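Inspection log for the structure reproduced underneath, given as structure tokens.
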Amino acid sequence: MFDRCPRCGEPLKPGFVRGGGAAMIWTPFQKRGPTDFPLWMGEFELPNQGGRLSGAKCPARRCEKCGLILIETNEEEST
């Protein structure tokens, strides 16, 4: 994972992106309801801790200057 922001070059602060109680997905579609499953072609569900309703937790780094967040989506890294 990056140590510096690829956008502005500032140091990145480590942390996590967490979902509260529903699955988190990345989608290229602008018009998409939050509970529309199954996943559509081209979508990606962030790794979760035990089922679709338990939420997701992925290591992430955030740039405090420009607000960019980089998320690690490999399941073996998501502890």
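The values are calculated or read from the model by the stated rules, or taken from the named source; none is laboratory data. All of these numbers come straight from a predicted model, not from anything done at the bench. Reconstructed Cβ throughout: ideal geometry from the backbone, glycine too, with neighbour counts over all protein chains shown.
Observations, loosely collected:
- Pairs where the first residue, in the range 16-42, is under 20 Å from Cys58 (Cβ atoms) and outside any strand (DSSP E or B) and the second is among the β-branched types (Val, Ile, Thr) and modelled with pLDDT under 70, C-beta under 8 Å, 6+ apart: Ala22/Thr35
- Whichever residue in the range 64-75 is within 15 Å of the chain's Cα centre (by Cα) and within 29 Å of Cys8 (Cβ to Cβ) and, among such residues, is modelled with the lowest pLDDT: Asn74
- Top-ranked residue in the range 30-58 [being over 16 Å from the mean Cα position of the chain (by Cα) and of a type in the set (Phe, Trp, Tyr); ranked as modelled with the lowest pLDDT]: Phe37
- Residue in the range 8-22 that is within 18 Å of Thr73 (Cβ to Cβ), surrounded by 11 or more Cβ atoms within 10 Å (Cβ to Cβ), at pLDDT below 85 and in contact with a Pro (Cβ under 7 Å, 6 or more places away or on another chain) present: yes
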